[in-house]
Amino acid sequence: MGGLALLLVAVAVIYFIYRQSAGWRTLKVGTGPQAEELEAKYAFLKQNQVKCRLKADTPAAMGAVHTAAAAVDSHSHERVKLEVHQKDLDRAEQLLQQFEEERPGTSPVL
């Protein structure tokens, strides 16, 4: 009986992890100054009701204490990803193109 409970807990954890990452697409990636620009793009998308998030590419050993907000540091070499929910992907791409046109002279982000 204890083995079955453990198996159910393991399945529930795996399902939860899957659901957390399902449906999100990485739109842009940057480090240092590029990460600061990603933060501006994130704010612009949020302002336009696009479901998005910033995620830091943090090694698992660093734990959950290190957040995307801490990675948006011009001296940091950590990658930050701008992720958009797949249902908002087309709209986000159009809005980011508009954002780029309105802000000339910004550095390209991968």
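Just a few scattered comments:
- Vicinal HN-Hα couplings computed from phi for the range 18-25 (Karplus, 6.51 cos²θ - 1.76 cosθ + 1.60; Hz; Gly/Pro x): 4, 5, 5, 9, 5, x, 9, 10
- Net lengthening on full extension, Y18/L6 (0.36 nm per residue, minus Cα-Cα): 2.5 nm
Taken together, the values in this text are just the output of simple stated rules run on the coordinates, not laboratory data. Given the structure is predicted, the values throughout are model-derived calculations rather than measurements.
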